[in-house]
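S.K.: One structure, pasted below without further comment.
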Amino acid sequence: MKQGKLLSLFRNVFAWVLSLIMFIPLLLVVINALKTKTEANGMNMSLPSSLQWSNFAVVIEEGKLIQSFFNSLLYASGSTALSIILASAAAYVLSRNRTRINKVLYFYIILGIAMPMNFVTLTKVMQATHLINTQIGIIILLAAAALPFSVFLIYGFVSSVPRELDEAGIVDGCSPYKLFFTIVLPLLLPVIVTVGILNFMGAWSDFIHPLYYLNSSDKWPMTLAVYNFFGRFQVNWNLVSADIVLTTLPVVVIYLLGQKFIISGMTAGSVKG
């Protein structure tokens, strides 16, 4: 009994220490974002003599963060919606009709979780389809990159939806599209919320794809805006820190609001099926 309590205590202490280690970089950035230029040069954990809220105003104006914010919002929202629709439809069909061909197709899709991306081939495809340096191209690209993991999560969850509902819908005269969008899709809501949050966070934080396939600075998301801002103001660590805080803030808020859905949805999707 005592050994069990000690083991539980050790696990809790280990989790707390690990959490603090992960939290230190974020705390360091927040503290230095509120310092003057001179105070922030050391990039340490000492508290500022006075809070410099004006750093955020300077960053928003100089870094063109408003335009970048709406670009990131467009890319993250568009790619998330597209990936959810495609992944849920594919997972539903593949899970309901588990023929040999569909099983091969399912494993081929989820192979994308582990396989590295070939940027040479991808660049050729983007050029051939005239999607390079376009906003719709980035949305399609981010949605495609999110598909394998999305299909993997939703595929397992579909098996928890009773087949009798499908049959009842067909008997009532539902077309395949009406059956999917009005009966099946609402029942997949828990895992869809999980997939949506994860895909939105991934698209918002993506740096490589916009760097390679967006040449115009007017189309840059916030991640590229931070990169460009760091190049211009790399001696002003207070401004760079404020820029990082503003860029990561939406993702942190979304994660805090939806963390319970992430845990429950990933558990359900990975165990069922």
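S.K.: Only one of these conditions is not met by ILE138: (1) in a loop (DSSP other than H, G, I, E, B); (2) in contact (Cβ under 8 Å) with a residue 24 or more places away in the chain; (3) surrounded by 15 or more Cβ atoms within 10 Å (Cβ to Cβ). Which number is it?
M.R.: So ILE138 meets the others, but not (1).
S.K.: Within region 87-122, can you find the residues that are in a helix (DSSP H, G or I) and polar (S, T, N, Q)?
M.R.: Applying the first criterion (in a helix (DSSP H, G or I)) to region 87-122 yields 87-96, 100-113, 119-122.
SER88, SER95, ASN102, THR121, listed by residue number.
S.K.: Then there is this: Suppose we filter region 190-208 for residues that are in a helix (DSSP H, G or I) and open to solvent by 50 Å² or more (accessible area, probe 1.4 Å); how many remain?
M.R.: 3
S.K.: Would you check if there is a residue in region 20-33 being open to solvent by less than 60 Å² (accessible area, probe 1.4 Å), closer than 30 Å to ARG232 by Cβ and over 25 Å from the mean Cα position of the chain (by Cα)?
M.R.: yes
S.K.: Hey, another quick one. I'm checking my understanding of the structure. Among residues of region 95-113 that are aromatic (Phe, Trp, Tyr) and free of Cβ contacts under 8 Å to residues at least 24 places away in the same chain, which one is most open to solvent (accessible area, probe 1.4 Å)? Before you say what the answer is, go through the steps one by one.
M.R.: First, the residues of region 95-113 that are aromatic (Phe, Trp, Tyr): 106-108.
Keeping just the survivors that are free of Cβ contacts under 8 Å to residues at least 24 places away in the same chain gives 107-108.
Values: PHE107: 126, TYR108: 160 Å².
Applying the filter and picking the extreme gives TYR108.
S.K.: Can you work out which of the residues in region 123-135 that are more than 20 Å from SER205 (Cα to Cα) and not in a loop (DSSP other than H, G, I, E, B) is farthest from the chain's Cα centre (by Cα)? If you could, list the steps in order and put the result at the bottom.
M.R.: Of all residues in region 123-135, those more than 20 Å from SER205 (Cα to Cα) come to 123-131.
Narrowing the set further to residues that are not in a loop (DSSP other than H, G, I, E, B) leaves 123-128.
Working: THR123: 22, LYS124: 26, VAL125: 24, MET126: 22, GLN127: 26, ALA128: 27 Å.
Checking each candidate, the answer is ALA128.
The values are calculated or read from the model by the stated rules, or taken from the named source; none is laboratory data. All values derive from a computational prediction rather than experimental measurement. Virtual Cβ from ideal backbone geometry, glycine too; neighbours counted across all protein chains shown. When the accessible area is computed, the model is the full protein with side chains, heavy atoms only, and any ligands, DNA or RNA have been set aside. Shrake-Rupley method; radii C 1.70, N 1.55, O 1.52, S 1.80 Å.
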